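I have placed the structure first, in the form of structure tokens, so that the comments after it can refer back to it.
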Amino acid sequence: MQRLWVIIIVLLAGVGVGAAAPLTIDEAVREAMENNPLIRQDDAYRQAAAFGERAARSDYFPKLSAAYAYQNLAESPFVNIYGNQVITNSRDQHYWEVALSQPVFSGFSISARHHLAELGLETRKLELQQTRQWVMLQVRQRCFDLLMAKSALKVAESSDAALVAHEADVRTFHENGLVPLNDLLKAQVARADSLQQRHRAEAGVKNVRSTLCLLLGRDYASDIEIADVAPAKPMAPSLNDQVQQALKARPEVAVLKQSIQSKVDEALLVKSDYYPRIDLLGKYQQNGDDLGASNNDYSNPYNASLGVQAQWTFFEFGKTRARSAKVRSEQRALSQTLEKIMDDVRLQVVQARLDLDVAAQNIGTARTALDQAREHWRITNLLYQQQLTTSTEVLDARSYLDRASNAYFEARYGYGKAHARLAWAMGEPRPDESGQAP
């Protein structure tokens, strides 16, 4: 008896493990944020930009360097003094030094490079945000596509079952001589067509599911289900408010604005060639004939120095002026690109808002048509069973019901997709699971 209970518990546990709960749309989005390869790629680029900013910042601080040299001369160096050769150094020469260099003035090039690196980091952050929003949009739309594909499969299965039953009715009537063979053939053809529709619907579900799994970072053959959400209509602000929000929130706009600012810093970096570079230098050195360069019979073995070094390239045949003009032209081009992107954002918001309004209006019409098609099918099927109408009317009624069912689900889930696209167009950072259908 105890063994039986153990078997029952194991079987129940297996059932619990195999039956995975369907994901909500928010849960699917969160999973994609953690596992999507595009997001991981842009996050790695963001980390690289952060290290680049840190490297550019280090140019403000002093640099410490060391050098060591050794050479063996064929003869000892000497000088002639009144005809006498006086040796000035040994054949074995060892030299080492430690130097400290601190930039004093660089023509603003260091600050310009650092600011460019900071803008590069901010740009990578915005690009990561842009990718995250795009992945959110794709996940939400594929979730609604999966719900739509499953609904289409249910419609195909229901239609196939109904036409199987109708074929049986026609066969019975034909065997009793009530209907001609032509009616039976039409019913069989209609049933074969419904079976093909069912197969296509099954393939459609698998295709959408695979696409969604890859977006979530899962294996393409994973079994995933999306939980349907309760219909709800979100509060919609005015179109002008949505456009203004989009212009403030869309990362594409911010990226271009930062690109324009980076051209300002790049121009400053180019103009730094007009100025001299000044560095403060400190050095300690030793020179001798042993490995540590501590023994020197001809001069002092060590010395230290502190000085200032200035370097100025003041003529390059107009190179700096040409580079500066090039940067200004690129800045003007980016300004025009920004205007184009802002116009695109405005149009995207307008189009998404119109699609959302149309989808909302279509819900009620599609629901009414579905109710009418169901009743028409019910009445026509009953009339045929009483031989008060033809098989053609039954097949037409079923076709109307299938089209009305698919139209309703397309309108319902199309509203969810339209809401997702409007949220993306407005630059909303998080999806709203309530945006399905009114």
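The values are calculated or read from the model by the stated rules, or taken from the named source; none is laboratory data. Fair warning: this is a prediction, and the values are worked out from it, not measured in the lab. Using ideal geometry, Cβ is built from the backbone for each residue, glycine included, and neighbour counts are taken over all protein chains shown. Side chains are part of the model used for accessible areas, which takes the heavy atoms of the whole protein and leaves out ligands, DNA and RNA. Shrake-Rupley method; radii C 1.70, N 1.55, O 1.52, S 1.80 Å.
Here are the numbers for the structure shown:
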read-out	value
Ranked packing of 135-144, 83-92, 120-129, most packed first, by mean Cβ within 10 Å	135-144, 120-129, 83-92
Hydrodynamic radius of segment 224-381 per Kirkwood, over alpha carbon pairs, in Å	24.2
Equivalent-ellipsoid semi-axes of segment 214-312, from the Cα gyration tensor, Å, largest first	68, 29, 11
Solvent-accessible surface ranking, highest first, for Tyr413, Tyr68 at 1.4 angstrom	Tyr68, Tyr413
Rg followed by Dmax, in Å, when the chain is reduced to its Cα trace	39.0, 144
Space enclosed by the convex hull of the alpha-carbon atoms of segment 13-133, per residue, Å³	247
D (Stokes-Einstein, µm²/s), Kirkwood Cα radius, segment 148-220, 1.002 mPa s at 20 °C	154
Rough spin-label spacing in nm, given labels placed 7 Å along Cα→Cβ, for Ser58 and Leu281	2.2
Accessible surface of segment 291-438 [probe 1.4 Å, protein heavy atoms]: carbon and sulfur percent	54
Heavy-atom accessible area ranking, 1.4 Å probe, most first, across Arg218, Arg30, Arg353	Arg30, Arg218, Arg353
Using alpha-carbon coordinates, inclination of helix 25-35 to the longest axis of the chain, degrees	30
Shape box of segment 129-181 [Cα atoms, principal axes, largest first, Å]	71, 13, 7
Relative contact order, percent, segment 21-115 [alpha-carbon distance under 8 Å, six or more residues apart]	28
Max mean-square fluctuation residue, GNM over the chain, Cα-Cα springs under 10 Å, options Leu280, Leu269, Leu306	Leu306
Stokes-Einstein D in µm²/s, Kirkwood radius over Cα pairs - segment 129-258 at 4 °C with 1.567 mPa s viscosity	68
For segment 306-427, the Rg and Dmax computed from alpha carbons only, in angstrom	32.5, 114
Gaussian network model of the chain, springs between alpha carbon atoms under 10 Å - residue of Thr337, Thr211, Thr389 with greatest fluctuation	Thr389
The chain: most fluctuating residue of Asn80, Asn300, Asn406 per GNM, C-alpha cutoff 10 Å	Asn80
Along principal axes, Cα extents of segment 70-200, largest first, whole Å	144, 40, 18
Accessible surface of Asp396 - all protein chains present, 1.4 Å probe, nearest 10 Å²	60
Cα-Cα over 28 Å, subset of Lys206/Lys417; Lys186/Lys206; Lys263/Lys319; Lys125/Lys340; Lys319/Lys340	Lys186/Lys206; Lys319/Lys340
For segment 76-124, the fraction of alpha-carbon pairs in successive 10 Å shells from zero, as %	18, 19, 16, 13, 15, 13, 6, 1
Accessible-area ranking of Tyr415, Tyr284, largest first, probe 1.4 Å	Tyr284, Tyr415
Helix axis angle, 251-271 relative to the chain longest principal axis, alpha carbon, degrees	20
Residues of the chain: accessible area per residue with a 1.4 Å probe, Å²	58
For the chain: relative contact order, % (alpha-carbon pairs under 8 angstrom, 6 or more apart)	23
Förster radius 30 Å - calculated FRET efficiency between Gln336 and Gln245, Cβ distance, rounded to 0.05	0.80
Percent accessible area from carbon and sulfur atoms, segment 44-137, protein chains only, probe 1.4 Å	57
